[in-house]
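Novice: My questions all concern the structure below.
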Amino acid sequence: MLNAGYEPLSVVSFRRAIVLVLSGKATVVADEPVPVRAQTVQMNSPSVIVLTTYVTPPRRRRVAVSRRGILRRDRHRCGYCGGYANTIDHVLPRSRGGQNTWENLVACCRECNNRKGDHTPAEMGWRLRVTPAQPRTSTWFIPDSEKYEPQWAEFLSYARVA
Ligand SMILES: [Zn+2]
């Protein structure tokens, strides 16, 4: 569900999406060619809807850091070489006081992680490809458990750029 300004707001159930559309509170932006019968109407299954009036988004809050969250934020790309990442690296190593924060954790491939060990990127002569930061909460309302629909990508990347 997108806000009237097209920022992602939340993931709503299929049923709720249809109720919102049928009551005129939202319109369908993207759908799938799967017909669904709701009340007396037949429509395609909505996959992205936009609210017709702007609602105030929930207040920004600190997002809890997690291993899965880091991998997702960095899209499984190693912060150092860009390869496939399935480990997490402390940019400033824990042994040097590095914290478990969004700013100090990056996705990392196994090879870079092994090579880096307890060194800082500077000591390795490496540069981070990204500046690690807490994800913008407006793009963060899709729970990890949620199946990510391909049609959502366009609207989620829009929010990241904005
Ligand atoms: Zn790497």
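The values are calculated or read from the model by the stated rules, or taken from the named source; none is laboratory data. What you see is a predicted model; the values in this text were computed from it and never measured. For the accessible areas, the whole protein counts, side chains as well, though only heavy atoms, and no ligand, DNA or RNA atoms are used. Shrake-Rupley method; radii C 1.70, N 1.55, O 1.52, S 1.80 Å.
Novice: Gain in length, residue 23 to residue 118, computed as 0.36 nm per residue apart minus the alpha-carbon separation, to one decimal in nm?
Specialist: Working: separation 95, 0.36 × 95 = 34.20 nm, distance 5.75 nm.
Computed gain between residue 23 and residue 118 is 28.5 nm.
Novice: Please work out the C-alpha center-to-center distance from the stretch 110-130 to the stretch 1-66 and express it in whole Å.
Specialist: After rounding, the separation between the Cα centres reads 42 Å.
Novice: Rounded, prolate or oblate for the stretch 67-124? Axes are the square roots of the Cα gyration tensor eigenvalues, ordered a ≥ b ≥ c, and the cut-off for rounded is a/c under 1.5. Walk me through the intermediate numbers first.
Specialist: Values: a/c = 2.10, a/b = 1.23, b/c = 1.71.
Taking the square roots of the gyration eigenvalues as a ≥ b ≥ c, the stretch 67-124 is oblate.
Novice: If you don't mind, there's one more thing I want to ask. Using Cα pairs closer than 8 Å and at least 6 residues apart in sequence, work out the relative contact order for the stretch 67-124, in percent.
Specialist: Numbers: 92 pairs, mean separation 21.3, N = 58.
Once normalised by length, the contact order is 37 percent.
Novice: Now for a separate question. From the square roots a ≥ b ≥ c of the eigenvalues of the alpha-carbon gyration tensor of the stretch 1-120, which class results: rounded (a/c under 1.5), prolate (a/b over b/c), or oblate? It would help to have the intermediate numbers written out before the result.
Specialist: On the way: a/c = 4.48, a/b = 2.54, b/c = 1.76.
Prolate.
Novice: Separate question: Which whole-number percentage describes the relative contact order of the stretch 1-60, with Cα contacts under 8 Å and a sequence gap of 6 or more? Please list the in-between numbers first.
Specialist: Details: 92 pairs, mean separation 24.1, N = 60.
Averaging sequence separation for qualifying contacts and normalising by length gives 40 percent for the stretch 1-60.
Novice: Additional query: At 4 °C and a viscosity of 1.567 mPa s, what translational diffusion coefficient does Stokes-Einstein give for the stretch 1-46, taking Rh as the Kirkwood radius over Cα pairs? Give it in µm²/s as a whole number. Write down the numbers at each step before the final one.
Specialist: Values: Rh = 11.0 Å.
D, rounded to a whole number, is 117 µm²/s.
Novice: Which value, in Å² rounded to 10, gives the accessible area of residue 88 with a 1.4 Å probe and all protein chains present?
Specialist: Looks like 40 Å² after rounding.
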